[in-house]
Structures are given as C-alpha cells and as structure tokens.
1. Please compute the modelled spin-label separation between ASN153 and ARG118, points set 7 Å along Cα→Cβ, answer in nm with one decimal.
2. Using the per-residue mean of other Cβ atoms lying within 10 Å as a proxy for protection, in what order, highest first, do the peptides 363-369, 454-460, 126-132, 168-174 fall?
3. How large is ³J(HN,Hα) for each residue in region 123-136, as worked out from phi by the Karplus curve 6.51 cos²θ - 1.76 cosθ + 1.60 (θ = phi - 60°), to whole Hz, x for Gly and Pro?
4. Taking the Cα of ARG473, stepping 7 Å toward and past its beta carbon, and measuring to each backbone N in region 115-152: which are under 20 Å?
5. Under a 5 Å amide H to amide H cut-off, with H placed in plane at 1.01 Å, what residues pair with TYR410 once short-range neighbours are removed?
6. Among 147-158, 404-415, how do they line up from the highest to the lowest mean number of other beta-carbon atoms within 10 Å?
7. Over 31 Å between Cα atoms: which of LYS157/LYS504; LYS216/LYS310; LYS242/LYS469; LYS163/LYS242; LYS310/LYS466; LYS119/LYS307 fall into that group?
8. Run the numbers for LEU485 and ALA215: contour at 0.36 nm per residue of separation, minus the present Cα-Cα distance, in nm.
Amino acid sequence: MAREMQKNTMFIEQNTGDYENGDLQKNLDDDGREKRTGTWVTASAHIITAVIGSGVLSLAWAIAQLGWVVGPAVLIAFSFITYFTSTLLADCYRAPDPVHGKRNYTYMDVVRAYLGGRKVQLCGLAQYANLLGVTIGYTITASISMVAVKRSNCFHKHGHHVKCQTSNNPFMIIFACIQIVLSQIPNFHKLSWLSILAAVMSFTYASIGLGLSIAKAASGGEHVRTSLTGVQVGVDVSGSEKVWRTFQAIGDIAFAYAYSTVLIEIQARLHEDSYGPSMYMVDLKTRTIDSIGFLYDTIKASPPENKSMKRASGVGVTTTTLFYVLCGIVGYAAFGNDAPGNFLTGFGFYEPFWLIDFANVCIAVHLIGAYQVFAQPLFGFVESLCARHYPDNKFITSEHAMDVPFCGVYYLNFFRLVWRTAYVIVTAVLAMIFPFFNDFLGLIGAGSFWPLTVYFPIEMHIAQAKIPKYSFRWVWLKILSWVCLIISLIAAAGSVEGLVQSLKTYKPFQTRNEE
C-alpha cells in the first residue's frame with residue numbers, strides 16, 4: 001500500500017486515523033493535517049516572491065505611455081484594489097465562519113463553498129486559461145532573455161551600431177527541451193531548490209534593472225523626454241496609437257499585480273518548513289485541487305489565519321508597490337518616452353555588458369522554474385480528468401518502474417509522457433507564432449485580473465457577509481467590480497490591437513529581436 005501511494009502521489013498525506021492519543025496528535029491541526037507553523041512574516045515573504053516577476057520589466061514602458069500623473073496613479077490604484085480583495089479572500093478561507101469554519105484548500109473549493117453552480121466552472125476556466133497564457137508568455141520572455149545575452153556580447157565586441165540579428169526560435173526550442181525533461185518529473189516537489197532559486201533570481205534581475213536605471217538617470221548623460229501625459233501625440237505616436245498603448249499599459253500593470261499568480265488553480269499543498277516560497281505540488285492520486293493553500297495553508301491557526309493573512313497582504317502589497325513604483329518611475333526617468341518594452345532585453349542598457357548578461361541569465365533561470373509552477377496544475381487537471389473517464393485504460397493509468405542511476409526508481413507513465421511533451425511543444429509553437437512580450441503580458445493581465453482578483457472575491461464576500469441586495473455596501477462593491485471589468489476589457493482590447501499590429505509586420509519563424 002505504501003508503495004502504491006509513493007507511486008501515485010507526490011507526498012503521503014497524514015490521516016488522523018493513523019494516530020490514537022499521545023504526542024503525535026499534538027502535531028496535527030483541526031483538519032488532521034500537519035500543524036501549520038507559518039506566520040504573517042512568512043506569508044508576506046510568499047506574497048512578495050510570488051508577485052514580483054517578469055512583469056516588473058515592462059513598467060518603465062507602461063509609465064511612458066501613461067505619463068508622470070496617470071502612470072503612478074494607476075499603479076497605486078491597482079495596489080489598493082489588490083489589497084482590498086485579498087482581505088476579502090482572507091475571510092473566505094474558512095466557510096461559513098472566517099475563524100472557526102471549515103477550511104477550503106483551493107480557490108475553486110472556496111468558490112464552491114460560497115457560490116456553487118456554474119461559477120465554479122467559470123472560475124476553473126479563467127484560471128486554466130490564465131495558466132496556458134502564462135506558460136506561453138514565459139516561453140517568449142525566456143527566449144528573449146537568452147537572445148539578449150548573445151546580442152549583448154555582440155554589441156560589446158562589434159559596437160552598438162551593428163544589428164546583431166539573432167532568431168528567437170532556437171532559444172525557444174532549447175527552453176522547450178528543458179521543460180519537456182522537467183515536466184516528466186512526477187515528484188516535482190523534490191526540485192524545491194529550483195523554486196527557491198527562481199525566487200532569488202526574480203529579485204536579482206529586478207534589482208539589477210532598478211540599479212541600472214538609477215545610475216542612468218543620475219548620470220544625466222543624454223537628454224530624455226518625459227511629460228505629464230507620457231508619449232506625445234504627433235511626436236512619438238499617432239492619436240490612435242496613444243489610445244491603444246494606454247490600454248495596453250494598463251494591462252501590463254495588471255499583469256505585474258496579478259494576484260492570480262497566488263490564487264491560481266494549483267493542485268498544491270505547501271508546507272513552508274519543507275519547501276520553497278513559490279513551489280507547488282500535485283497530488284497525482286486524488287487529484288484534489290489546491291491553490292489557496294499556497295498562502296493560507298501554511299499559516300498557523302492562532303492567531304486566526306484571516307487576521308494574519310490580512311496583515312501579510314498589507315506588508316506584501318506595500319513592499320511590492322514601493323518596488324514597482326521605483327522601477328516604473330526611475331525607468332521612465334532614465335529612458336523617457338523612448339523606454340523599451342523590456343529594459344533588460346530592449347537594450348536600454350549596453351554596459352556593463354556582463355551585468356546585463358547576468359540579469360538576463362537570471363530571468364531565464366527564474367522562468368525555467370516558474371514555467372513548471374504554472375504548468376503542473378494543468379498537467380494534473382488533464383491527467384485526473386482522463387483517469388476518471390478511462391479508469392481501465394492501461395495507457396493512461398499504468399505506471400512502469402524504471403531504475404535510474406543515482407536517482408532511484410522512476411515510474412514511467414506513457415500518457416503523462418505523451419501529453420506533457422505535447423503540451424510543451426504546443427506552447428513553444430504558439431510562442432514562436434506570437435513572440436510579442438508586452439502584448440502578451442497585457443493580454444494575460446487583462447484576462448486574469450478581473451475574474452480572479454476582483455469578481456470572485458467580491459461575490460464571495462457578499463455571500464459570506466449576507467449583504468442585502470441594493471444596500472449601500474452592496475452597490476459600491478458592485479460598482480467596483482464593474483469598473484474593474486471595464487478596465488480589464490479595455491486593457492485586453494489594447495493588447496489584442498498590439499498583437500494585430502505586431503503580426504502585420506512580422507513573419508513567423510524568421511529572425512526577430514525584442515526592441
């Protein structure tokens with residue numbers, strides 16, 4: 001039985017029935033799971049490492065489109081909305097009472113507990129669509145960073161006037177090959193060191209970008225044009241381009257603040273004493289869907305989780321906002337209206353070339369781990385669906401033991417091998433067809449921000465607090481939701497327009513570099 005559990009799951013879940021009385025019982029929480037030891041401090045660290053990512057690289061460009069007034073205002077507005085809705089989710093972790101109710105370990109479980117019906121399926125659809133988009137976006141971003149390393153060395157050797165053209169496609173293939181190998185590891189939690197490394201890398205390259213921007217702005221070498229309204233109509237862009245770029249910039253900021261990276265449908269249980277801050281694990285036997293446990297399921301029950309989580313959200317969002325405002329404002333001050341879409345790969349900087357190379361290597365390493373964090377829930381969902389519908393199909397359910405030198409026994413499942421490999425190949429091909437960094441970030445941010453960060457938290461709060469229909473609180477919560485929906489729609493429209501315009505001037509599978 002133990003061997004069967006090891007073969008099918010990434011961990012062996014403890015059961016209260018395994019304990020009678022004694023000291024071991026003291027190590028269990030009220031739900032029979034290992035006692036949580038996390039605090040608001042550790043939860044704050046989880047939030048910061050989960051939220052800060054590749055989206056920070058586009059903030060200088062976003063501020064350039066919006067200007068000195070609207071740009072920082074949009075950043076602050078998204079931070080307030082994100083914090084507010086995260087506090088609503090903190091109260092929804094337990095149902096029906098936020099302190100003594102039954103724990104819900106996943107976003108979909110919470111939606112099911114409070115809303116039920118088709119909204120559970122809509123929540124899953126939004127989350128899984130976002131997961132797909134993120135994995136495609138990460139393939140694009142990683143390949144651009146790999147290309148930037150090669151181009152940086154070319155510029156350093158031959159001068160900045162040389163084109164140094166390099167195709168992204170070979171690097172997308174290399175990235176896909178790495179992901180194919182990592183995707184075949186059923187016990188992905190054993191690579192928790194990769195998750196920790198990815199979190200460190202995200203801080204490193206973001207800090208390097210900020211430091212270089214500060215140095216460039218402080219040097220005062222070349223004159224840069226900035227304005228209260230951002231890029232100027234008739235000088236930098238046409239009137240229609242200004243509108244579409246403004247919409248797209250809002251989507252980029254939404255992506256940078258996307259709390260869906262924390263609340264996404266992840267089949268996970270995180271015990272922070274054992275695993276890194278952004279590592280997710282998949283239960284391949286029961287296929288239970290876990291996501292909200294990423295933050296909440298690590299926090300000890302005293303003081304109540306919702307209070308600890310609200311405090312952690314305040315610290316995490318405040319820290320992230322400060323970092324984002326610095327990156328966006330300093331980046332805009334350094335590059336002005338000509339700020340590149342990605343200031344580490346669009347060659348806003350050429351020197352020191354070795355530091356640029358190191359930052360881009362950090363991006364690539366970060367995204368290698370991040371890709372798996374977002375792909376594993378999709379893998380588990382499809383595999384569980386097929387296992388439920390075809391329980392007697394040996395191709396889907398059979399595991400074949402293989403002795404791997406220095407690694408122990410590996411259980412090969414042919415369906416997992418074929419399906420996961422096919423998924424990685426498809427995302428790589430789609431990335432080759434649509435290799436547009438900013439457009440994709442904006443589209444992902446616009447598509448995930450409203451449903452996952454705003455709509456469901458507000459609807460669940462209304463249900464939990466039993467807020468009367470058409471009361472003052474009900475009305476302004478609904479207004480907030482509708483305003484965020486409109487913002488998401490216009491941001492999505494701007495990103496789609498950007499993709500269309502980019503496709504008009506781009507032929508797939510030919511050389512292209514991110515400018």
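Read the figures in this text as sums done on the coordinates, not as results from a lab. Since the model is a prediction, treat every value here as computed from it, not as a measurement. Quick reminder, even Gly has a Cβ in these numbers, built from the backbone with ideal geometry, and neighbours come from all protein chains shown.
1. So the label points at ARG118 and ASN153 sit 5.5 nm apart.
2. Details: 363-369: 24.6, 454-460: 23.0, 126-132: 20.4, 168-174: 18.4.
Per-residue Cβ counts within 10 Å, averaged per peptide and sorted highest first, yield 363-369, 454-460, 126-132, 168-174.
3. 4, x, 4, 5, 5, 5, 5, 5, 4, 4, x, 5, 5, 5
4. 115
5. It is MET402, ASP403, VAL404, by chain and number.
6. Details: 147-158: 18.8, 404-415: 12.0.
Result, highest mean Cβ count within 10 Å first: 147-158, 404-415.
7. Beyond 31 Å: LYS157/LYS504; LYS216/LYS310; LYS242/LYS469.
8. On the way: separation 270, 0.36 × 270 = 97.20 nm, distance 3.85 nm.
Taking LEU485 through ALA215 to full extension adds about 93.3 nm, to one decimal.
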